[in-house]
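Derivation of every value follows stated rules applied to the coordinates shown; laboratory data play no part. Note that the structure is predicted; figures quoted are calculated from it, not measured. Neighbour counts run over all protein chains shown; Cβ positions are idealised from the backbone, glycine included.
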Amino acid sequence: MAEPLLRIEGLTKHFGGVVATDGVNLEVPPGELHAVIGPNGAGKTTLIGQLTGEVVSDAGRVRFAGEDITSQPVYRRSRRGLARSFQITSLFNDFTALDNVALAVQAHAGHSFRFWRDARREDELREPARAALARVGLAGRENTIVSSMSHGEHRQLEIAMTLATRPRMLLLDEPMAGMGPEESVRMIALLRELKRDLTILLIEHDMDAVFALADRISVLVYGQVIASGEPAAIRANEDVRKAYLGDQDDHG
Amino acid sequence: MIGWLTPRNVVVAALLVFLILIPIYTAATGNPFLLTLFTRIVILAMAATSLNLILGYGGMVSFGHAVYLGIGGYAIGILAHEGLSSGFIQWPIAIAASALFALGVGALSLRTRGLYFIMITLAFAQLVYYFGVGLDRYGADDGMQLYQRSQFVDAISLSNRTLFYYLCLALLVASIYLVWRIVNSRFGLVIQGSRSNDRRMQAIGFPTYRYRLVCFVIAGTMCGLAGALLANHTEFVSPAMMHWTRSGDLIVMVVLGGMASTFGPLIGAIALMVLEESLPALIKLAAAPIVGEAATRVAEYWQIVLGPLFLLVVLFARGGINGLLESLERRRG
């Protein structure tokens, strides 16, 4: 097996007496789409937070592209090529869609101590931003103020911003959250296309999406990985059925 | 209809023409009142412009911005008192002192958010205020007289009130232009992005703290220069220049004129200070037929009118006067 792009070793996080992440080990080789599933409160978002650096880990290590990033600040991990999208849409609501994405491009185009030139007229920033918007299907919506866009468009914009940072790996926190069936289908198609170029860690509730997309799946319950493997193996796993999938089936 | 001929632009252009013509009016009538008042307004508009950079564009609600007026002013006052009246020495020191102080305050306060940020900036400003009160050598809480304005070359004397006014106006226009360039640059977009969603800014790879700190220092420095002008204008410095109520006035100017707008602070400064000057007289005029002789005393309570006016703007005109003018434009368009 190739050297994993992301390697998580014994990652732990307590909130008071609650163990949110309990000694998680996980490896994602380059090019894989790895899905993390688990019931509500399993600690999925905490795990993402630990990977991006917003949540400080109590123990364990995170290695990304051969480098220990466990104690690096958020912005530096992003610069290394680890990009995240947010479960609850987190955009610059008073800016246009293009401004949002152009900021993400700017973040990776050298320092921003440039005080004079009109940044909205820099092709170097605007063109890659336009391309990222087009890639997620938002061509023609460049000059729309974010707060007046639909929820589905916000989700697409989330992905566009993540892409605009030219990442090596995407951490996607429930990209399908709150989407209608049609929007979900479009998002699945988009993720399938992204999967060709990028390593992806996907956290998702939508089981159809997970099983349609994932190369491997890890199941997180009470902060522990109870199973990890290919979709077919996960589907057949008795513990997983008990903990999670059975419950999911009941709800259809 | 020509594109730039919007209500907002017409008002701004009219204000600028008015500001340019004031010394001519004064020369014609021989009455210096308007020139003195508007020199003060122009200087405080510059302070408000600097505050708008951090408050309006950066979302950093500094409740101690007047402290830079004090630091800039005291730098001039103290150096003059010690016999150093060359502007070539005084002004760079005033500017450097303000920048250094902003760097210190910013480095500490920008690690906090919201109410804590407001409280820390206020606390630092009050610290310097009481330091000024304790400076017995420099007049303590009474302040001190400046015997001489800053000396530059002989041909340019700041004691020439018309010349001084135009210098202030030029620096104000330069400040507004500078802030406008800054907020639309890469740096400015980082500052505004950080106001909008700092968490996301970090997630896409910006170390926002250092950008916000530099922005804070730019604003403090600009306000320090306004303080140097103010000391030269009044030929007097006292701790009152940096009292927290003065910081409050600057916030009112920015909010009244329109946060995060290019000319908002200028509009707000003129509106607030013209109201302050004219409300007592207007109230006296209006009250005279009703209460007769007591009208003068009624006029002392002019702030009872100013307060609700400000409240109305905050409640119903989110973008301040500038926002009202822009909404006129939208309605027409």
Legend entry - Partners for residue A:195 among lysines (Cα-Cα distance below 25 Å; same-chain residues under 8 apart left out): A:44
Inset, instruction - Would you mind getting the Kirkwood hydrodynamic radius of the range A:135-224 from its Cα pairs, rounded to one decimal in Å? - result: 14.0 Å
Inset, instruction - Compute the Rg/Rh shape ratio of chain A: radius of gyration over Kirkwood radius, all on alpha-carbon atoms. - result: 0.98
Inset, instruction - Could you check what % of the DSSP bridge pairs in the protein assembly as shown are antiparallel, to the nearest 5? - result: 55 percent
Legend entry - Coarse-grained scattering of the range B:9-77 at q = 0.21 Å⁻¹, given as base-10 log I(q)/I(0) from a Debye sum over alpha-carbon atoms: -0.97
Legend entry - Kirkwood Rh and Cα Rg combined as Rg/Rh, the range B:207-333: 1.07
Inset, instruction - For residue B:284, go through the lysines and keep the ones whose alpha-carbon is under 26 Å away, minus same-chain ones fewer than eight residues off. - result: none
Legend entry - Whole-Å semi-axes of the protein assembly as shown's equivalent ellipsoid (Cα gyration tensor): 57, 26, 22
Inset, instruction - Once you've got the GNM for chain A with C-alpha springs shorter than 10 Å, pick whichever of A:236, A:59, A:83 has the biggest mean-square fluctuation. - result: A:236
Legend entry - Ranked list, fewest to most other Cβ atoms within 10 Å of each Cβ, for B:85, B:194: B:85, B:194
Legend entry - Equivalent ellipsoid, the range B:7-332 (semi-axes from 5 times Cα gyration tensor eigenvalues, Å): 29, 27, 21
Inset, instruction - For the range A:1-43, take the alpha-carbon Rg, divide it by the Kirkwood Rh, and send me Rg/Rh. - result: 1.06
Inset, instruction - For the range B:98-245, give the magnitude of the charge dipole about the Cα centre (Cβ charges: +1 Lys/Arg, -1 Asp/Glu; no others), in debye to the nearest 20. - result: 900 debye
Inset, instruction - In a Gaussian network model over chain B where Cα atoms closer than 10 Å are linked, find which of B:64, B:73, B:139 has the largest mean-square fluctuation. - result: B:139
Legend entry - Per residue Cα convex hull volume in Å³ - calculated over the range A:42-113: 117 Å³
Legend entry - Ranked list, fewest to most other Cβ atoms within 10 Å of each Cβ, for A:145, A:234: A:145, A:234
Legend entry - Cα centroid separation, the range A:108-153 to the range B:31-45 (Å): 43 Å
Legend entry - Size of electric dipole in the range B:7-332: Cβ of Lys, Arg +1 and of Asp, Glu -1, about Cα centre, debye, nearest 20: 1360 debye
Inset, instruction - Write down the Å³ per residue value for the convex hull defined by the alpha carbon atoms of the range B:173-225. - result: 65 Å³
Legend entry - Alpha-carbon spread of the range A:90-166, three principal axes, descending order, Å: 34, 23, 21
Inset, instruction - Provide the FRET efficiency to the nearest 0.05 for the residue B:4-residue A:134 pair, computing r from the beta carbons and using R0 = 35 Å. - result: 0.60
Inset, instruction - Starting from the Cα of residue B:282, move 7 Å in the Cα-to-Cβ direction to define the label point; list residues of the range B:304-320 whose amide nitrogen is under 15 Å from there. - result: B:304-313
Legend entry - Cα-only radius of gyration and Dmax that characterise the range B:109-159, units Å: 17.7, 49
Legend entry - Helix-only [θ]222 nm of chain B, DSSP H runs n ≥ 4, -39500 (n - 2.57) each, per residue, nearest 500: -25000 deg cm²/dmol
